[in-house]
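Beneath this line is the structure, given in structure tokens, with notes to follow.
No value in this document is a laboratory result; all are computed from the given coordinates. All values reported here derive from a predicted model rather than from experimental measurement. Methodologically, a virtual Cβ is constructed for each residue, glycine included, from the backbone with ideal geometry; neighbour enumeration extends over all protein chains shown.
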Amino acid sequence: MSGVWVWIEQFEGQMKAISQEMLGAGHTAAEGLSQPLTAVVLGHNVGALAQEAFDLGADQVLGADDPTLDQFRVEAYGPVLAGMARERSPQALIFGASTRGRDLAAWVAAELDAGLVADGIGLSVENGTLKVTRPVYTGKLQAEVFVTDGPQLVSLRGRAFAPAESTGGSGDAQWVPAAIGDVSTEIVNFESSAGTVSLNDATIIVSGGRGVGGPDGFAPVQELADVLSGAMGASRAAVDAGWIPYEYQVGQTGKTVSPDLYIACGISGAIQHQAGMRTSKVIVAINKDPDAPIFKLASYGIVGDLFKVLPALTAEFGKRLGS
Ligand code: FAD
């Protein structure tokens, strides 16, 4: 077994930011193992993506370009990637722990009957083996996990690794035929929520909880998010109450985020909410209860009514940022 592979996630031919970070992590692994770094590109008309991977420092690019791979479907991507790995036996396969990356990593691990360390936030090499740091007990502890046998599959969180930088490199990708059987799913279309910033990619997130009091209470939360060019999130209590759709939920059973700035408004800071946001670089809590658990985690706390604090912050940031 030899080689470190990084799966390049793309949407409509554009590399996702998380894959640039995975190439950064892949460099660390490849250097530590003294093995080449291979970017694996799957899709349709993705030649430019292969060159982008070379530019980001991949030593080799292995790809499959086929109309069946145009849109991500795990039933199509899984067998192709597993087949490539079976033939070439890489030592390590790295996936971004995005929704698609988690899905694909699990599928490939099952097909290869290999171990998978999911949701890592740190990666290093010890005695020729990858060591992955991952949060356990809803983020209260961190465990160091090794895959000791077979290909080492890992999925790593977004915004936890520095992205690979442009090297000016180029090369010839190796394209293999995509032998895909029947695929039981079909992507009919995508509907984008115009004007909103993706929670996964956001560097600033403003979240509202039960303290916003109802659907209308999210208006001042959204206004602050807008003025900061950030995304809006929510606690599960607000989602369960039907005030905001599930895709906004941050936490153990929602999205895991790690922005530069997370502003929690009217959120008590239950452990399950913390599990999704505790790795944020700076956390600001706005809560009228000075004993709310979120203040123990927060870098800065504002004790007060969010309906007074948020408009004041929005006005001040608006003035200073000219937005
Ligand atoms: P509350 O705990 O009710 O807190 C509301 C806060 O708002 C209070 O601190 C209050 O002081 C403050 N407040 C009220 N009015 C104002 C005001 N005007 N101004 C300022 N502050 C105000 N939760 C998640 O968030 N994400 C998850 O993914 C998740 N997964 C879960 C999984 C499981 C298996 C379980 C059991 C629970 C999960 N939960 C999750 C639920 C979690 O335990 C909490 O119930 C939930 O996070 C509470 O949401 P909250 O903080 O908005 O509400």
Rounded to the nearest 10 degrees, the helix 74-88 long axis (Cα) sits at an angle to the longest Cα principal axis of the chain of 40
The distance between the Cα centres of segment 264-306 and segment 39-89, in whole Å, is 41
Subtracting the Cα-Cα distance of Ala179 and Tyr246 from 0.36 nm times their residue separation yields 20.5 nm
Shape call for segment 209-305, from the Cα gyration tensor axes a ≥ b ≥ c (a/c under 1.5 means rounded, otherwise prolate when a/b beats b/c, else oblate), comes out rounded
Checking Gly47, Gly24, Gly242 against a Gaussian network model of the chain (alpha-carbon springs below 10 Å), the top fluctuating residue turns out to be Gly242
So the angle from the long Cα axis of helix 218-227 to the longest Cα principal axis of the chain, reported in degrees to the nearest 10, equals 60
Of the listed links Lys255/Lys281; Lys296/Lys319; Lys255/Lys319, those spanning more than 25 angstrom between alpha carbons are Lys296/Lys319; Lys255/Lys319
Rounded to 0.05, the calculated FRET efficiency for the beta carbons of Met1 and Glu144 at R₀ = 22 Å is 0.55
Checked the chain with the C-alpha gyration tensor, a ≥ b ≥ c its square-rooted eigenvalues, rounded below a/c of 1.5, otherwise prolate if a/b is larger than b/c and oblate if not; verdict prolate
Shape call for segment 209-261, from the Cα gyration tensor axes a ≥ b ≥ c (a/c under 1.5 means rounded, otherwise prolate when a/b beats b/c, else oblate), comes out oblate
The helix 17-33 Cα axis meets the longest alpha-carbon principal axis of the chain at an angle in degrees, between 0 and 90 and rounded to 10, of 50
Over the chain, the sum of -39500 (n - 2.57) across DSSP H runs of at least four, divided by residue number and rounded to 500 deg cm²/dmol, gives at 222 nm -9000 deg cm²/dmol
Given unit charges at Cβ for Lys, Arg (+) and Asp, Glu (-), the dipole magnitude of the chain about its Cα centre in debye, nearest 20, is 1260
Descending packing, highest mean Cβ count within 10 Å first, for 255-265, 28-38, 277-287 is 255-265, 277-287, 28-38
Pseudo-spin-label distance Asp291 to Tyr137, built 7 Å along Cα→Cβ, given in nm, is 2.4
